[in-house]
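The values are calculated or read from the model by the stated rules, or taken from the named source; none is laboratory data. Fair warning: this is a prediction, and the values are worked out from it, not measured in the lab. Positions of Cβ are backbone-derived with ideal geometry, glycine not excepted, and every protein chain shown enters the neighbour counts.
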């Protein structure tokens with residue numbers, strides 16, 4: 001589609017990002033410890049000025065950034081994405097004091113951000129949050145748990161979603177910025193399939209005040225959804241980067257690997273699988289770019305019309321496009337990486353092989369930031385609206 005053909009400058013930038021990730025970031029990623037925040041890698045992202053676009057770039061540019069980094073260094077991509085997810089609510093909804101305190105350090109890679117939405121009983125059903133914000137004379141105290149929180153418990157601050165009005169569903173949730181050293185806040189790491197830092201948090205009467213609120217009281221669910229809609233297309237881009245890396249490795253392998261008297265690529269059963277992998281990737285890429293462009297168009301319209309225009313338009317087409325992109329790209333990446341492993345054979349299962357790494361990495365995006373089933377629910381709801 002001509003509308004989604006990248007310009008020469010964009011292609012050149014993607015090539016530069018791939019090279020940068022391979023040469024500068026991948027060696028730092030290898031020095032990291034599985035399950036722990038790699039602060040050296042994060043500092044390098046800041047030094048290379050790759051964290052600033054999380055807040056200033058359009059959605060399409062963000063997709064190109066994440067796809068390019070993921071192709072060569074998934075750890076760098078994930079570190080970057082988690083900074084954006086945790087700090088974007090501060091950028092968009094925080095007071096000048098909160099933005100001034102935290103965003104410069106986030107952009108420099110010296111402060112680690114985290115997005116604390118999920119709970120033991122509220123994963124896909126985010127409106128069912130049980131973490132309580134109990135009123136006090138000076139504000140609230142947070143009581144409850146969060147679980148499967150990326151960068152926990154090693155982050156420097158958390159964007160936390162808590163229930164301020166009981167029985168109000170999504171309308172009774174408020175977003176707070178909670179520094180990691182706040183009294184009563186503790187956590188522990190979780191041992192997960194992928195090597196990312198993920199943990200649980202315990203809130204034992206953690207004090208928060210009006211100065212910690214992000215956005216408006218009881219409107220935190222909108223903060224969460226706005227953030228997820230911003231990053232959802234680029235989750236698809238992350239998946240595309242992994243899928244493209246797996247495809248390229250498979251093409252190279254099937255060209256040079258011989259079996260039954262010739263290269264694997266000469267066997268129709270192999271070449272047809274590779275063709276299917278490439279087709280699904282390209283279709284997913286178009287969906288991701290279209291969703292990112294729809295988001296950018298919606299933001300531009302909202303900016304020209306003000307906040308009222310944002311609320312009136314609601315971005316319904318953009319929400320559906322983002323859900324479709326995330327659904328298609330993450331499912332495609334799982335398919336492509338699985339096929340790539342099969343075509344490589346046992347060598348792809350060896351620890352340290354690119355595909356062994358991608359096989360562990362590719363599973364999680366089908367769950368986080370809205371599982372595949374949630375994306376289908378969103379799409380269906382928009383279709384029947």
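Below are the figures for this structure:
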quantity: Given (1) modelled with pLDDT of 95 or more; (2) touching a helix residue (DSSP H, G or I) at 6+ places or on another chain (Cβ under 7 Å), number of the condition residue 276 does not satisfy; calculated: (2)
quantity: Verdict on residue 105 being buried (at least 17 other Cβ atoms within 10 Å of the Cβ) and closer than 25 Å to residue 37 by Cβ; calculated: no
quantity: Subset of the stretch 123-146 that is buried (at least 19 other Cβ atoms within 10 Å of the Cβ) and under 19 Å from the mean Cα position of the chain (by Cα) - its residue that is nearest to residue 194 (Cα to Cα); calculated: 146
quantity: 3 or more residues within 23 Å of residue 186 (Cα to Cα) and touching a strand residue (DSSP E or B) at 6+ places or on another chain (Cβ under 9 Å): qualifying helices (runs of 4 or more DSSP H) within the stretch 50-121; calculated: 74-93, 96-108
